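Asks: If you scroll down you'll find the structure; I have some questions about it.
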Amino acid sequence: MNIQEILVDAVKKEASDIFMISGAALAYKIHGRVVSAGGDVLMPDDTRQAVFEIFLLAQIDIKSPDDFKNEMDFSFSIKGTGRFRANIYRQRGSFSAVLRCVPFELPDSAKLGIPETVMNLSETKSGIVLVTGAAGNGKSTTLSCMIDKINSTSEGHIITIEDPIEFLHKHKKCIISQREIGIDTGSYVDALRAALRQSPNVILLGEMRDFETINIAMTAAETGQLVLSTLHTNGAANTVDRIIDVFPTNQQHQIRIQLSMVLRAVVSQQLVPSVDGGLVPAFEIMVVNNAIRTMIREQKTHQIDTVLQSEPEMQTMDSSLLKLYRDGIITAETAVNYSYNQDIMAKRVGN
């Protein structure tokens with residue numbers, strides 16, 4: 001098993017992920033489907049050899065199984081092939097690897113189907129803009145496109161804090177500092193605290209994971225920086241509630257007021273199967289206006305969907321799916337399966 005040949009083959013086949021797991025054949029994820037890459041079932045010796053070849057490519061100094069703890073995240077590049085985000089872990093005592101393929105060149109937001117409304121959020125000067133959704137639904141790609149637009153159209157200092165770094169950004173109009181957890185800094189919290197002393201205009205935070213990270217991100221947004229980040233939540237209202245619920249009960253009233261002042265937008269996205277066998281993004285877009293600020297402050301986030309349906313620059317996830325269906329891009333079944341309210345969607349696509 002030659003790792004470099006596997007990586008080249010996966011990129012040629014437009015795979016998003018590569019799976020090397022003992023007891024199963026080598027597999028790729030292509031357009032959302034996991035398919036066998038052919039060949040024999042991998043044995044523990046095969047996956048161990050593959051993992052240590054990956055360590056060698058990534059210039060990670062691990063020479064024996066005893067040096068490896070239990071799981072590890074990192075990224076590496078192969079000249080002329082691409083960039084890869086690796087997660088190495090043990091399962092049933094054997095080594096396994098899942099690699100995410102990341103192209104060298106930043107993708108074109110229009111070709112990816114990212115709406116102009118979303119891309120225009122990159123013009124926000126301060127506050128928090130969140131891109132949310134389940135893992136593997138393109139959040140990092142959307143944020144990278146927004147960072148690239150900022151880098152191409154304005155001047156300043158952009159700091160990215162990622163675990164690990166995926167897309168590599170060149171210095172254009174902006175200076176860009178890209179920091180990777182575990183290599184350049186110990187944690188999101190450490191890097192975020194330090195970023196406040198590095199004269200940033202924009203901070204990209206790979207994920208708002210916990211109370212401390214969210215708290216510092218809100219402080220950064222209050223002091224005039226634009227903070228871009230992700231959360232593993234579905235829908236704008238759920239995202240607001242998730243942030244508030246991270247804080248102790250006795251602080252939540254104050255946090256509602258603070259969040260209503262710094263939150264600028266929430267974009268929820270998911271990749272859904274298209275009729276041509278590929279994947280297409282669907283977006284829920286909430287741009288915070290006076291009505292939504294009041295709902296956040298007064299604990300009425302359940303009413304946010306009403307605003308999303310009535311404002312032209314906003315949309316619910318279900319309205320995005322319905323448009324994709326009416327444009328012939330996805331099937332009625334897909335629209336129903338991926339909608340937040342399946343009963344209502346079933347009636348709408350049945351008409």
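Asks: If we scan segment 53-68, do we find a residue that is touching a strand residue (DSSP E or B) at 6+ places or on another chain (Cβ under 9 Å), of a type outside the set (A, V, I, L, M, F, W, C), farther than 13 Å from Ile3 by Cα and outside any loop (DSSP other than H, G, I, E, B)?
Replies: Kept after step one, since they are touching a strand residue (DSSP E or B) at 6+ places or on another chain (Cβ under 9 Å), are these residues of segment 53-68: 54-55, 57-60, 62, 65, 68.
With of a type outside the set (A, V, I, L, M, F, W, C) added as a condition, the list becomes 59, 65.
Filter again for farther than 13 Å from Ile3 by Cα, leaving 59, 65.
Filter once more, keeping what is outside any loop (DSSP other than H, G, I, E, B): 65.
Taking every residue of segment 53-68 in turn, at least one turns out to be touching a strand residue (DSSP E or B) at 6+ places or on another chain (Cβ under 9 Å), of a type outside the set (A, V, I, L, M, F, W, C), farther than 13 Å from Ile3 by Cα and outside any loop (DSSP other than H, G, I, E, B).
Asks: Are any residues in segment 75-95 within 22 Å of the chain's Cα centre (by Cα) and either on the phi < 0 side of the Ramachandran plot or in a helix (DSSP H, G or I) (or both), and if so, which ones?
Replies: Step one: list which residues in segment 75-95 are within 22 Å of the chain's Cα centre (by Cα), which gives 75-77, 82-89.
Answer for segment 75-95, where residues must be within 22 Å of the chain's Cα centre (by Cα) and either on the phi < 0 side of the Ramachandran plot or in a helix (DSSP H, G or I) (or both): Ser75, Phe76, Ser77, Arg83, Phe84, Arg85, Ala86, Asn87, Ile88, Tyr89.
Asks: Further, regarding this structure: Can you tell me which residue within segment 177-215, out of those that are among the hydrophobic types (A, V, I, L, M, F, W, C) and outside any helix (DSSP H, G or I), is surrounded by the fewest Cβ atoms within 10 Å (Cβ to Cβ)?
Replies: First pass over segment 177-215, keeping only residues among the hydrophobic types (A, V, I, L, M, F, W, C): 181, 183, 189, 191-192, 194-196, 202-205, 208, 211, 214.
Restricting the remaining residues to those that are outside any helix (DSSP H, G or I) gives 181, 183, 196, 202-205, 208.
Working: Ile181: 20, Ile183: 13, Leu196: 15, Val202: 25, Ile203: 26, Leu204: 26, Leu205: 27, Met208: 26.
By that ranking, first place goes to Ile183.
Asks: Let me ask something else. Kindly indicate which of Ile165, Ile159 is over 22 Å from Val98 (Cβ atoms), in contact with a strand residue (DSSP E or B) (Cβ under 8 Å, 6 or more places away or on another chain), touching a residue at least 12 places away in the same chain (Cβ under 8 Å) and not in a helix (DSSP H, G or I). Before the answer, list the steps.
Replies: Working: Ile165 fails: over 22 Å from Val98 (Cβ atoms).
Selected residue: Ile159, the only one of Ile165, Ile159 that is over 22 Å from Val98 (Cβ atoms), in contact with a strand residue (DSSP E or B) (Cβ under 8 Å, 6 or more places away or on another chain), touching a residue at least 12 places away in the same chain (Cβ under 8 Å) and not in a helix (DSSP H, G or I).
Asks: Among the numbered criteria (1) under 19 Å from Leu231 (Cβ atoms); (2) part of a loop (DSSP other than H, G, I, E, B), which single criterion is violated by Met295?
Replies: All conditions are met except number (2).
Asks: Within segment 84-105, work out how many residues are surrounded by fewer than 18 Cβ atoms within 10 Å (Cβ to Cβ) and in contact with a Phe, Trp or Tyr (Cβ under 6 Å, 6 or more places away or on another chain).
Replies: Summing the residues that are surrounded by fewer than 18 Cβ atoms within 10 Å (Cβ to Cβ) and in contact with a Phe, Trp or Tyr (Cβ under 6 Å, 6 or more places away or on another chain) in segment 84-105 gives 1.
Asks: When both residues are 6+ apart or on different chains and their Cβ atoms are under 9 Å apart, which pairs have a first residue that lies in segment 53-78 and is of a type in the set (Val, Ile, Thr), and a second that is in a loop (DSSP other than H, G, I, E, B) and buried (at least 16 other Cβ atoms within 10 Å of the Cβ)?
Replies: Ile54/Ile60; Ile62/Phe68
Here, each number is a calculation from the coordinates, and none is a lab measurement. Just so you know, these numbers come straight off a predicted model, no measurement behind them. Glycine gets a Cβ as well: all are built from the backbone with ideal geometry, and neighbour counts include every protein chain shown.
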